[in-house]
Amino acid sequence: MRIRALRVNHLENPVGFRMESTVFSWKVDGAEGKRQRSARLLVATDPDFRELVLDTGVDTSLDSVACDANFVKMPRTRYFWKVSVTSDAGEQAESETAFFETGKESEPWQAKWISCESDEARHPIFTKKIKPNGEIRSARLYICGLGLYEAFLDGKRIGDEFLAPGCNDYDRWLQYQTYDVTGLLSDGAELAVLMGNGWYKGRFSFFAADTKGRYGQDFALIAELHIDYTDGRHTVIATDESWRVRRSHITFSGIYDGERRDDTLPEMPEEAVMLLPKDTAKLTERMSPPVRVFERLPVRQLIHTPTGETVLDLGQNFSGIFALRLREKAGSRIRLQFGEVLQDGNFYRDNLRSALAEYVYISGGEEITLSPHFTFYGYRYVKVEGAEHISPEDFEGLAISSLGTRTGFFKTGNELVNRLIENARWGLLSNTVDVPTDCPQRDERLGWTGDAQVFAETAADLYETQAFYAKYLFDMAMEQKDAEGMVPNYIPSRGERKASAAWGDAACILPWILYRVYGDPSILKKQYESMRAWVEYIRRVDGNDHGWSRAEHFGDWLALDNESGDPNENSGATDKGYIAQVYYRESVRILARTATILGWNEDAAAYEKLVEKLSDHIRYEYFTGSGRCSVNTQTALLMALRYSLTANREWTKNRLRELFFLKNDKLLTGFVGTPLACETLSDNGMDDLALKLLLNEDYPGWLYAVKLGATTIWERWDSLLSDGSISGTGMNSLNHYAYGSVCHWMFARIGGIRQCVDSVGFRRVHIEPLLSWKLKSAEASMDTPCGVYSCRWRIMDPSHVEIRVTIPFGGEAELVLPGAKEKQPVRVLSAGEYSFAYETAEPFVKTLSTILPLGELLEEAEAREFLLSAVPQLSLINKSMQGTPLRDILLFAAGFEGLPSRDEMENRVLPELDEKLQLLEVSK
Ligand code: BGC
């Protein structure tokens, strides 16, 4: 038995993070027992646990998923902790020692904000000579630099994170970081802090014309270096007027526009620093998990394009920077530009709009390895200009993200589907650079609430995400304070003062998803005020006459069913008022449940009443008396089923099927409908249609992009047209994760692992995989807060299947063996590994023959290909005949249009067709 995955507030050994609560969690592997009988948690200020600050004693109620153990914490203190667990079989294990460390907390800052005197454009490096006088026991640097900073001790980079201090509403709160620099201090060390513009003071806005930073115009640095000596002395070196500033070779930096560096520039004399009249009240311990390099991507191909450009192809679209080794003559100017796609074989970047996304370097003549400091790019291709020598080994892409721990793995027997999952995973990693963004490449990269909301479940299937979203939600709550509860469309808002349904509802939906996935109610407690403020904001706008329906909303963004003909109309056909009211009701429903969980019964009762009122209104306004939805779109009906709004589920299901049928079973849905589509179909007995949507390889559909070589998820169903040309430049990103939300359904249904409705933290799951001949097999594994659940299935022959499942220590699953011949009970499984092999009631394949309706035969790609080549006249058959058996059609048409006589048809052609059709194995 082994204890692993020790976390505090869902972070591994966090140093200097904001700690309003202290929630411990751990997982147990390799036990004989099924669950924890008791546990004991110890917290001490020393690694030998002599100075205990918390000892829970052996406790049968300690929750391994979220153990909220509050105690008084001191500032700037490292706490060590461990847990011992006894299983229900009597085994015992003790964890390794983990730690967490507090920041300055309420301790006042001795440091002052400093800036530069001159407004020289070269980026500043603030410096201070440090002379330790004695043997150092420990040293910490507490630091915040605005726009962005990187700190060095004797030229050695402190920490391994990028783009600190992160991106948030700087008007309201400023995050400072804490670094352990104990091993880095030497006699006479130089502490140097290089600064860049970033989100704070650079061009960064939805309004691309903005050229200046919104939050401030000056570089601003505050830092305290605390040194503890072994003899007990404690000294603080803080930013003040004694610091100096020199100039770097970086002449420009910007999130959108890249970076410029000129190594021919002469060194400049050091300058004095200037004190900034800025207080420290907004400084708080960090919440952002660090942005780190998680993968280094080699160049896959060096391309010489038809127009003569030199382009590097990394084979994968991603967010990141690079490392480039160069040895060029002094004064030569090398320019790199970054793009997502080639057009006609040439470099292309018009879909980045005004973002320059480049790196310009003037060589000083030395061999150098370059990396930008204060920007990032969303790219796959790099155009290189001005370099005499460049070979693929000189360049490496450095992919960055705030997410570090992968939890979800999923694979099927279909390579296109597997690539789709990879694309969603890369989309996630690309759009988690401190903020959940819409896209990482163009002049936008904003924390759009709607995109975050629709993708958060998939994100949590794939990676540990709680701390990442917790920071975003904290920022959201801050923003709401200035906006009477309104949730701006993107966070941080940079002054945006609009809210939309299904976007702002992220305020309720996100904390709820986190609570369900991670099982930690502290997120609900922290966000309750924000959730309530959002609902109350809508209530005010809604007034007595449902004004929320008439407010400005994005609707079913980018859906394909808007037939207005206006190319600027992006909202789809689903009534925006309907979407607004349904999401309003959903937010209130979540709020009411949250109030119940937190024990605020009065609120719970009041909000439950409001849910009823809204349900009545929605039914009155958008449904007929018998329960038919009057908004006649795929998205509207999906919502009606998903949120149980229809009094006539059967009619709604049938109508939905019909709507799909009329569009050849293709999706027309946008940002609102798409994330609901497959799950809602599966919930309503339409697995077949859900699978068909997934496996459709034509436009519009997920695999269409995969077949066109996509390595991430696109913003639009047709971001590229079928000939590979880009469909437009106004709003067309190739790295937008929203539609990748179908992966959550894949984990839950194809993989078969879905959390039971009344469970949180994955304590109880329902396992019932969706078996498909077209996929042949699937393997899903999820490292949940309870531990790893996995489900692997394989179709062995047309009527036999094998299923293997793993249930973690402390977890439980109800298992349904799908399609079994003999009636199978619902099995309740506790921790362990199980495997089942059985015969299915019906074979997975159906036998094709000419007695099947023509339409059904033509739907099968192989059958269609064969039939149309054997009997080309079939392409002339009217659509209304699709329901007629092929045999009848051919006998009727015999002798016409060059077809053989009836006799020959009956005795030769039909038997031949049947013989060939039977050989095609087609899934049901
Ligand atoms: C973004 C979206 C966002 C939308 C709002 C776009 O510019 O890229 O993903 O949700 O605007 O409708």
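No lab work stands behind these numbers, since they all come straight from the coordinates. From a predicted model like this one, the values you see are computed outputs, not experimental measurements. Cβ sites come from the backbone with ideal geometry, for glycine too, and all protein chains shown count toward neighbours.
Descriptive notes on the structure:
- Potential lengthening between Ser799 and Asp154 on full extension [0.36 nm per residue; Cα-Cα distance subtracted]: 225.4 nm
- For the peptides 625-638, 70-83, 510-523, 48-61, the ranking by mean Cβ contacts within 10 Å, running from highest to lowest, is 510-523, 625-638, 70-83, 48-61.
- Normalised by 2.2 N^0.38 Å, with N the number of residues, the alpha-carbon radius of gyration of the range 816-893 equals 1.75.
- Around the amide H of Gly832, modelled in the peptide plane, lie the amide H atoms of Ile807, all under 5 Å away and 5 or more residues distant in sequence or on another chain.
- Convex hull volume of the C-alpha atoms in the range 707-749, normalised per residue: 73 Å³.
- For the range 1-83, taking the reciprocal of the average inverse distance between every pair of different Cα atoms yields a Kirkwood hydrodynamic radius of 13.5 Å.
- Furthest towards positive pole of dipole, Ile750, Ser38, Gly670, structure part the chain, Cβ charges: Ser38
- Least to most buried among Tyr704, Tyr142 (fewest other Cβ within 10 Å first): Tyr704, Tyr142
- Of the DSSP H helices in the chain, those whose Cα atoms cover at least 15 Å axially and whose Kyte score averages -0.5 or more: 415-430, 449-462, 466-481, 506-518, 576-598
- Inter-label distance, nm, simple model (7 Å from Cα along the C-beta direction), Val826/Asp55: 4.5
- Farthest towards the positive end of the charge dipole of the range 374-460, among the residues Ser401, Ile390, Gly378, is the Cα of Ser401, using unit charges on the Cβ of Lys, Arg, Asp and Glu.
- Contour minus Cα-Cα distance for Glu12 and Ser242 (0.36 nm per residue): 79.1 nm
- Summing Cβ point charges (Lys, Arg +1; Asp, Glu -1) relative to the Cα centre of the chain gives a dipole of roughly 1120 debye.
- Environment charge of Gly90, counting only residues whose C-beta is closer than 10 Å and scoring Lys/Arg +1, Asp/Glu -1: -2
- Cα centroid of the range 95-118 to Cα centroid of the range 809-842, whole Å: 53
- Computed label-point distance, nm, for sites Arg864 and Ala272 using a 7 Å Cα→Cβ extension: 7.9
- Net charge of Cβ neighbours under 9 Å - reference Ala636; Lys, Arg +1; Asp, Glu -1: -2
- Of all DSSP beta bridges in the chain, antiparallel share, percent nearest 5: 90
- At full extension, Arg296 and Arg233 could sit 18.4 nm farther apart than now, given 0.36 nm per residue minus the alpha carbon distance.
- Between Lys526 and Lys329, the FRET efficiency from the beta-carbon distance, with R0 = 60 Å, is close to 0.60.
- In the structure shown, the pairs Lys73/Lys129; Lys131/Lys282; Lys498/Lys666; Lys692/Lys924; Lys498/Lys609 are assessed against 22 Å; a Cα-Cα span above that value is assigned to Lys73/Lys129; Lys131/Lys282; Lys498/Lys666; Lys498/Lys609.
- Kirkwood Rh and Cα Rg combined as Rg over Rh, evaluated for the chain: 1.00
- A protection proxy built from the mean count of other Cβ atoms within 10 Å ranks the segments 839-852, 34-47, most packed first, as 34-47, 839-852.
- The order of Glu267, Glu479, going from fewest to most other C-beta atoms within 10 Å of their C-beta, is Glu267, Glu479.
- Our coupling estimate for the range 281-296, obtained by passing each phi through the Karplus curve with A = 6.51, B = -1.76, C = 1.60 and θ = phi - 60°, is 4, 7, 6, 9, 4, 4, 10, 5, x, x, 7, 10, 6, 10, 7, 10 Hz, Gly and Pro reported as x.
- Whole-angstrom gap from the range 353-386 to the range 457-522, using each part's C-alpha centre: 33
- Distance between the range 613-684 and the range 222-277 - C-alpha centres, whole angstrom: 59
- Burial ranking of peptide ranges 481-492, 585-596 (average Cβ count within 10 Å, highest at the top): 585-596, 481-492
- Net charge contributed by nearby residues that have their C-beta within less than 13 Å of Leu857 (K/R +1, D/E -1): -3
- Other-chain or far-sequence residues with amide H under 5 Å of Gln755's (modelled H): His766
- Flagged links, alpha-carbon separation over 28 Å, of Lys128/Lys481; Lys212/Lys576; Lys776/Lys916; Lys128/Lys329; Lys128/Lys278: Lys128/Lys481; Lys212/Lys576; Lys128/Lys329
- Summarising the amide proton neighbourhood of Lys104: residues at separation of 5 or more, or on other chains, whose placed amide H is nearer than 5 Å comprise Arg76.
- Stokes-Einstein D in µm²/s, Kirkwood radius over Cα pairs - the range 767-924 at 10 °C with 1.306 mPa s viscosity: 85
- His389/Asp119 FRET efficiency (R0 51 Å; Cβ-Cβ; nearest 0.05): 0.85
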